[in-house]
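Engineer: This structure is in structure tokens; I'll ask about it shortly.
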Amino acid sequence: MAYDGAILRRATARYEEDRRRRNERFRSLRKSLYLRQPRLEAIDRELSQTMAHIIADGLRRGTDPRAPIAALREANLALQRERGELLHAMGYPVDCLVEKPACETCGDSGWVGGRMCTCLRAYYTRAQNAELSRMLDLGTQSFDSFDATLYSDTETFNRRKTARENMYRNYDVCVDYARHFPSATKNLLLSGDPGLGKTFLSACIAREVSEKGFSVVYDTASHVFSRFEAQRFDYSDSEADGDVHRFLHCDLLILDDLGTEMNGNLVTSALYQIVNTRLSARRCTVISTNLAPNAIGERYGASILSRIWGEYQFLLFYGEDIRKLKKR
């Protein structure tokens with residue numbers, strides 16, 4: 001699983017800030033309780049010192065430490081009972097002066113054996129969703145809000161299926177893609193006129209895959225290609241290298257509105273690099289375009305079309321513009 005470095009840094013910073021706040025709240029509570037009941041501070045001091053004293057004494061005498069350790073256990077249990085009774089009388093939980101990590105799995109480090117813990121992954125997902133929300137309305141764009149009744153159940157638009165039947169099929173493929181990511185079909189090409197739901201289903205995929213903790217980059221083709229251009233020609237743009245790395249190495253890249261950008265050799269080169277690099281690394285890509293499949297070859301060349309044709313599942317969108325239907 002790949003992680004976006006910029007998003008991981010933001011997630012880690014928030015994670016560390018929340019841990020710092022928890023520690024501050026604990027220290028503040030402890031200080032307050034010590035002031036109200038000084039015996040609590042004395043008990044905690046005794047608990048921290050007793051073990052060292054007994055074991056050191058046993059080792060100095062060269063005796064078996066098991067008996068001192070048993071005595072230590074009894075003394076500590078008695079102190080803990082006394083502390084619990086004092087806290088209970090003050091209306092606090094008996095363990096509120098025992099500092100515990102919020103996550104017992106990783107001890108609030110965020111990592112377990114070199115792998116990201118689920119607690120830090122939750123922060124990563126929230127940070128990534130915040131990034132995705134800059135381009136997508138993740139509040140409403142979800143598979144649960146899909147409405148097939150917006151598509152005609154009688155018109156086929158010169159196809160074998162009605163627009164509604166076709167959208168049910170596209171919906172099912174996208175749901176399966178997101179929910180079985182990354183084990184299902186690796187790549188999708190969503191092709192059709194504007195206003196037919198390509199961006200909606202792309203956003204649904206982005207949302208669900210992101211919530212699983214995978215790194216997702218959703219961006220327009222024109223902006224993606226502009227970042228490749230900046231990397232190549234604008235040496236003052238210090239972030240261009242990082243952006244291109246994200247496009248090439250994230251778990252899922254969703255390239256929206258392919259074909260709306262100004263075409264040229266640099267665009268063709270960048271698209272080839274994206275498609276070829278991600279196929280070689282077996283990283284997943286979803287491309288949304290207003291271009292028909294054959295028009296992709298005419299615009300970007302046969303080599304790109306060949307790779308897309310052989311490695312992508314095509315979903316065709318047809319029907320009436322949903323935005324216009326909603327206005328009616």
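Engineer: State whether the residues of the stretch 17-40 include one that is out of contact with any Ser or Thr (no Cβ under 7 Å at 6 or more places or on another chain), of a type in the set (Asp, Glu) and at pLDDT below 90.
Structural biologist: no
Engineer: Do you know which residues across the stretch 82-133 are polar (S, T, N, Q), touching a strand residue (DSSP E or B) at 6+ places or on another chain (Cβ under 8 Å) and either part of a loop (DSSP other than H, G, I, E, B) or free of Cβ contacts under 8 Å to residues at least 60 places away in the same chain (or both)?
Structural biologist: The answer is Thr105, and nothing else.
Engineer: Can we say Leu252 is in the same structural domain as Arg232 (by TED's automatic domain parsing), surrounded by 15 or more Cβ atoms within 10 Å (Cβ to Cβ), in contact with a Pro (Cβ under 8 Å, 6 or more places away or on another chain) and farther than 17 Å from Ser191 by Cα?
Structural biologist: Judged against the criteria, Leu252 is a match.
Engineer: If you don't mind, there's one more thing I want to ask. Applying the selection to the stretch 13-39, what residues are among the polar types (S, T, N, Q) and in contact with a helix residue (DSSP H, G or I) (Cβ under 7 Å, 6 or more places away or on another chain)?
Structural biologist: Residue satisfying the conditions is Gln37 alone.
Engineer: Suppose we filter the stretch 5-52 for residues that are over 25 Å from Ala102 (Cα atoms), touching a residue at least 40 places away in the same chain (Cβ under 8 Å) and either in contact with a Leu (Cβ under 7 Å, 6 or more places away or on another chain) or surrounded by 13 or more Cβ atoms within 10 Å (Cβ to Cβ) (or both); how many remain?
Structural biologist: 2
Engineer: Let me ask something else about it. Tally up the residues in the stretch 57-77 that are assigned to a helix (DSSP H, G or I) and modelled with pLDDT under 65, please.
Structural biologist: Of the residues in the stretch 57-77, 5 are assigned to a helix (DSSP H, G or I) and modelled with pLDDT under 65.
Engineer: Can you tell which of Val98, Val94 is at pLDDT 90 or above, of a type in the set (Val, Ile, Thr), in the same structural domain as Asp18 (by TED's automatic domain parsing) and within 44 Å of the chain's Cα centre (by Cα)?
Structural biologist: Of Val98, Val94, the one residue that is at pLDDT 90 or above, of a type in the set (Val, Ile, Thr), in the same structural domain as Asp18 (by TED's automatic domain parsing) and within 44 Å of the chain's Cα centre (by Cα) is Val94.
Engineer: Among the hydrophobic types (A, V, I, L, M, F, W, C), surrounded by fewer than 16 Cβ atoms within 10 Å (Cβ to Cβ) and more than 28 Å from Leu150 (Cα to Cα): does that describe Ala302?
Structural biologist: Spelling it out, Ala302 is indeed among the hydrophobic types (A, V, I, L, M, F, W, C), surrounded by fewer than 16 Cβ atoms within 10 Å (Cβ to Cβ) and more than 28 Å from Leu150 (Cα to Cα).
Engineer: Of the residues Arg83, Arg121, which is farther than 27 Å from Val217 by Cβ, surrounded by 13 or more Cβ atoms within 10 Å (Cβ to Cβ), out of contact with any Pro (no Cβ under 7 Å at 6 or more places or on another chain) and basic (Lys, Arg)?
Structural biologist: It is Arg83.
Engineer: Can you report the number of residues in the stretch 65-81 which are in contact (Cβ under 8 Å) with a residue 12 or more places away in the chain and either under 45 Å from the mean Cα position of the chain (by Cα) or closer than 17 Å to Ala42 by Cα (or both)?
Structural biologist: 5
Engineer: Then there is this: Within the stretch 219-242, how many residues are within 19 Å of Asn290 (Cα to Cα) and exposed (fewer than 12 other Cβ atoms within 10 Å of the Cβ)?
Structural biologist: Total meeting the criteria: 0.
Engineer: Within the stretch 262-279, can you find the residues that are touching a strand residue (DSSP E or B) at 6+ places or on another chain (Cβ under 9 Å) and over 12 Å from Arg227 (Cβ atoms)?
Structural biologist: Leu271, Val275, Arg278, Leu279
Engineer: Has the stretch 46-53 got at least one residue that is of a type in the set (Ser, Thr, Tyr), at pLDDT below 85, in a helix (DSSP H, G or I) and assigned by TED's automatic domain parsing to the domain that holds Arg10?
Structural biologist: Yes, the stretch 46-53 contains a residue that is of a type in the set (Ser, Thr, Tyr), at pLDDT below 85, in a helix (DSSP H, G or I) and assigned by TED's automatic domain parsing to the domain that holds Arg10.
Engineer: Please count how many residues of the stretch 177-198 are assigned to a loop (DSSP other than H, G, I, E, B) and of a type in the set (A, V, I, L, M, F, W, C).
Structural biologist: Selection size over the stretch 177-198: 3.
Engineer: If you don't mind, another one. For the stretch 305-328, name all the residues that are within 29 Å of the chain's Cα centre (by Cα), buried (at least 18 other Cβ atoms within 10 Å of the Cβ) and of a type outside the set (Val, Ile, Thr).
Structural biologist: Those that are within 29 Å of the chain's Cα centre (by Cα), buried (at least 18 other Cβ atoms within 10 Å of the Cβ) and of a type outside the set (Val, Ile, Thr): Tyr312, Leu315, Phe317.
The values are calculated or read from the model by the stated rules, or taken from the named source; none is laboratory data. Since the model is a prediction, treat every value here as computed from it, not as a measurement. Here the Cβ is made from the backbone with ideal geometry for all residues, glycine too, and neighbour counts use every protein chain on show.
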